[in-house]
Amino acid sequence: MSAWVWFFQLIQGVMALLLAPLLMGWMAYCRARFQHRRPSSLWQPLRQWIKLFHKEVVLAELASPLFRVTPYALFGILALTAGLVPMVLTDLPLSGAVDVIALAGLLSLARVILALAAMDVGTAFGSLGARREMLVAFLAEPALLMVIFASASLNASTSLSKMAATTLDRGFYLYPSLAFSGVAFLLVLLAENGRIPVDNPETHLELTMIHEAMILEYSGRHLALIEWANALKMLVYFSLGMVLFFPFGLSRGGSGWEIALSFIGFIIKLLIFGVALAILETVSAKQRLFRVPEYLGGAFLLAVLAILLHDLLGT
Amino acid sequence: MDIWLMLSIPVLGGLWQGWRGQHPEAPWVNVLVSALTLLAAGNLLLEVARHGVVCTVDEQFRLDALSAFLVGLTAFVGLTTAWYSRSYLLHECEQGRMDGPRLRLYHGMYQAFMFTLLLALSTNNLGLLWVAMEAATLTTVLLVSLYRTPASLEAAWKYFILCGVGIAQALFGTILLYFAAEKRLGEGGTALLWSHLIQVSHQLEPTIVSLAFVFLLVGYGTKVGLVPLHHWLPDAHAEGPTPISAVLSGLLLNVALYAILRTKVLVDGALPHSFAGPLMMGFGVVSMLVAAWMLRQQHDIKRFFAYSSIEHMGLLTFAFGMGGLVASLAGLLHMTLHSLTKSAIFFAVGQVAQRWKTHDMTRIQGILRACPRLGWGLLLGALAIVGFPPFGVFTSEFLILTTALREHPWAVSPIVLALGVAFAAIFGQVQSLTLGEAAGVENQATRPSMVPWFWHLVVVLLLGIYLPPWLLQAYRQAAHLLN
Amino acid sequence: MPHWNPVPFAQQLLDLFAALLLLIVFAMLSQRRILTLIHLFALQGMILALSIADSAWLTHQPHLYYSAALTLGLKGVILPGLLRRLIGRLGVVWDVETLINIPTTMLLGIVLVIFAFNLALPIAHFSHTILRNTLGIALASVLLSFMMMITRNKAVPQVIGFLAMENGLFFAATSATYGMPMVVELGVALDVLVGMFIFGIFFFQIRDTFDSLDTRKMDHLGRD
């Protein structure tokens, strides 16, 4: 039995690594369709990274070892987190080891490393990007934690597996607090992954870019790894959202059929979320950087309201 | 049936005034309607004296000793003020500050205001009481801004917003009360009827009722002008036409306090310990102190007496907060005397302001020389309001103070301090207004109209000298209802 | 396992409506554009009407349906329409200015919500109606609208705050109790309507006198 479980853990890790570029490809595809452009292939991100892996790495003369280690560390951390979030099965050996708060910690660790590396070479853009990233992060993280607390207090646990299981036991139920923290989570997701109201992943405009400014100095396989890690982060956030707010479809083990069904469910949910996000990005415009505190403040507020509502409405 | 009659007279009068209020006969119609209202009210009072309680429409309307006495007072002051506003408006028209539409608005709203007050007093339904209180604000707010000056608009806006917010708190309190009551009385109409509530008051949930009372006290307290919710009061009094200042001070504040008293009785029934009383006493003492302090700094003559109203409302709130038969009786007596005296003062002040064409007290001097009748009017009114012995205010203040000395000695010194400061301020100010050489008079034309003033002060004086047994009996009955 | 007792779907829906009402008040607090403010107010009226209809269905109180229809007509359609026309006739195009910046307002708002919820908790325990906990939300919306009136310095947003407060009170009346008696509800509705007309008259008077609807210009009284 335990061997099986570890096998599933391994499968999920590999699946996440493969699904992440496909998810990015799918979102780009949807956005292109909504904007009446000709979409590129779903495999485009993967192809691009493979190409990058074959290219030579150019390093700045002043780059310290931190700069070189960062892509690997980043990729490692995010691959680990991708293994921690229940995607198909509620219970995995590793997800029992780490709870959702530690997960948030891992995500912020990755961010800190990247910001340090961006400042390492000492170029203007790197520092600028790092500073902006930290501005976003220091507002987004409390909001994320509040979202987590709201769900955790609802399910009386901080373990993702247990939270998912409790919600599954309960069946479909309208929770105002969950609705609030869901919206807050969406806002945080957009900010943390550098999506449109906060950052635009497609431009390299110095006035606005955040994430792209940080990785401007990277090339070759380093760049590929960072981008891959970034895609993994998106996947992690998506599946985190599913576990917290819509775990229906997750399997608790059992027969192979059930697991296969759950896998298909997971893919469908990913597809739907991808479409929804693409719509959201198409209809909304990027905000000024100075509005970001207000935007994330709103997310924080919603999450706090969710906790308060849970307190008041009880059940 | 008689309640219907009393309520329908001002409604019909208001409608007529809304139609033809700008015509020369309108002020006389105003007086006539008010006189008819007083007659209907007097008839009701007799009925209440005979039967104790008068009810109609499934007890939706109900008059007992407490509300009947206030109905009488309201109708009386309504009549005298209507009489006074006749000469006041004539003068304003000559000065060009009034025109046809404004006259129509004034007359129509005056009757509508009287209707809302009488409705608030005669209804048994706490929800309707709220509706009537809110309607009282709505009817007077356009009167406060009648002159369309920047200052009057500002005053009216403040009045509207502050009282609107306050009254909203009162609605929340009413909802909470209903929430507590419907468990005992069931849903539907009867759960807001005061006479039913009082019977089950000991079964009401204390937590909810006390919370409801806090909201009601804050809400209606805004209208009473309790500190720190009083900011609208001096402005509204100063900027509106003087007859409106007289009815605001003399009637509206009373009715708002009446609303608090009705709920206080329920709270006292529901709670084993005293909760409403100390709260009201605290508000009362603070209001007195702040108002007395503010009195000293005023230059506008109408604001000056408006602060005096806040002070007296504070004293009343304190007296009713103390509870007990004597204090309640003294409070009711003081309520009567204050509204008569204060409106009489405003009658005099309005004419002074018309003659001197200013509200600034530093520019008014020697009223006694310039116009002896008006000077004596203001002087005697001021003496009455600070509580000089032959006038009734002395009796009621004395009763309140002695009761406080016996039951709540801590409160005596701040009250005496506030009364002393107010005494010094009013006395000093009125002295400089009335005595000395006449200066700054701009308009000497008409004879002052002192008839309404005269009747008010005569009653105040008589009540100070001799309280007839039947009246004492009526007050005692009303005071019983408060305990 | 957390304490878990299922409640009917209509009740869940009511809780959701209550939460949405609270959310709308927050959105109003953070809103800078006056027209959006009016739209939010209309939305609030509609959700209020839905919640009343829902509690009518939940408690089998037919008279609440009338109440819901009244609310929908008055607060969802008529009052916002009046406000919009008023804005058009006044030619008001400016954005709303606030006295305190918006994030601070939000934080204060959270504090108010905590206060209101704590105040309402003891009451919720006593309640036997199934519509129990929403009283705290109603109280919170009342306080937040109150704060909106304080922090805005233009006349129109102040009035919207006032009307939003009335909505909060109405929600309290229908959610905590089974709705007030019909006479009272009609009276309250009449008062609101008349008040609205007087507000309209006021807008014009204030603009004509002060050349602006900025209530900061009206602070001369009491300075003598």
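For the pair residue A:56 and residue A:37 in one chain, pulling the backbone fully straight at 0.36 nm per residue adds 3.6 nm over the alpha carbon distance. Checking every one of the GluC sites (Glu not before Pro) in the stretch B:407-483 against DSSP loop status and a limit of 15 other Cβ atoms within 10 Å picks out B:437, B:442.
I'm a student and want to see the number: the projected area of the Cα convex hull of the stretch C:9-216, averaged over all directions, in nm². It is 11.0 nm². Estimated from the Cβ-Cβ distance and a Förster radius of 41 angstrom, the FRET efficiency linking residue B:439 and residue B:50 is about 0.15. Placing pseudo-labels 7 Å out from each Cα toward the beta carbon at residue B:43 and residue C:214 gives an inter-label distance of 5.7 nm.
In terms of its C-alpha gyration tensor, the stretch B:254-361 comes out prolate, because a/c is 1.5 or above and the ratio a/b outweighs b/c. Fully extending the segment from residue B:231 to residue B:416, taken as 0.36 nm per residue of separation minus the present Cα-Cα distance, adds 64.2 nm. Fraction of C-alpha pairs exceeding 33 angstrom in chain A: 24 percent, rounded to a whole number.
Summed over qualifying helices (DSSP H, 4 residues or more, each -39500 (n - 2.57)) and divided by its residue number, the protein assembly as shown shows a 222 nm mean residue ellipticity of -25500 deg cm²/dmol.
Each Lys or Arg adds one and each Asp or Glu subtracts one; over the other residues with Cβ under 12 Å from the Cβ of residue B:156, this totals -1.
All Cα-Cα separations within the stretch B:142-264 were binned at 5 Å from zero, giving a P(r) of 2, 12, 19, 19, 14, 11, 9, 7, 5, 2, 0, each value a whole percent of the pairs.
In this simple spin-label approximation, residue B:472 and residue B:358 carry label points 7 Å from Cα along the Cα→Cβ vector, and these lie 4.9 nm apart. Quick check: net charge around residue B:129, other residues with Cβ under 13 Å of its Cβ, Lys/Arg +1 and Asp/Glu -1? Result for the neighbourhood of residue B:129: +1.
Placing a pseudo-label 7 Å from each Cα along the Cα-to-Cβ vector at residue B:35 and residue C:111 gives an inter-label distance of 6.0 nm. Working from Cα pairs under 8 Å separated by at least six residues, relative contact order for chain A is 31 percent. For peptide C:14-24, the mean count of partner chain Cβ atoms within 10 Å of a residue's Cβ comes to 5.
For the stretch A:270-315, trypsin sites (Lys or Arg not before Pro) are listed when DSSP marks them as loop and at most 10 other Cβ atoms sit within 10 Å of their Cβ; the list is A:288. The residues packed around residue A:32, meaning those with a beta-carbon under 12 Å from its beta-carbon, carry a net charge of +2 if Lys and Arg are +1 and Asp and Glu are -1. Put the Cα centre of the stretch A:99-127 next to the Cα centre of the stretch B:73-111 and the gap is 76 Å.
Restricting the calculation to alpha carbons of the protein assembly as shown gives Rg and Dmax of 35.1, 112 angstrom.
Translational diffusion of chain B, estimated by Stokes-Einstein from the Kirkwood radius over alpha carbon pairs at 37 °C in a medium of 0.692 mPa s, is 148 µm² per second.
The residue C:66 and residue C:150 beta-carbon pair, evaluated with R₀ = 41 Å, returns a calculated FRET efficiency of approximately 0.75. Kirkwood hydrodynamic radius, the stretch A:117-272, all distinct C-alpha pairs: what's the number in Å? After inverting the mean inverse Cα-Cα distance, the result is 17.5 Å. Across all directions, the average projected area of the convex hull around the alpha carbons of the stretch B:274-483 is 11.1 nm².
Quick note on the stretch B:88-191: its Rg to Rh ratio, both from C-alpha atoms and Rh being the Kirkwood radius, is 1.14. Note on B:140-153: average number of Cβ atoms from other chains within 10 Å of each residue's Cβ is 3. Measuring r between the beta carbons of residue B:297 and residue C:89 and using R0 = 45 Å, the FRET efficiency lands at 0.60.
Every read-out reported here was derived from the displayed coordinates using simple, explicitly stated rules and does not represent laboratory data. Just so we're clear, the structure is a prediction, and the values are computed from it rather than from any experiment. Every residue, glycine as well, gets a Cβ built from its backbone with ideal geometry; the counts of neighbours run over all protein chains shown.
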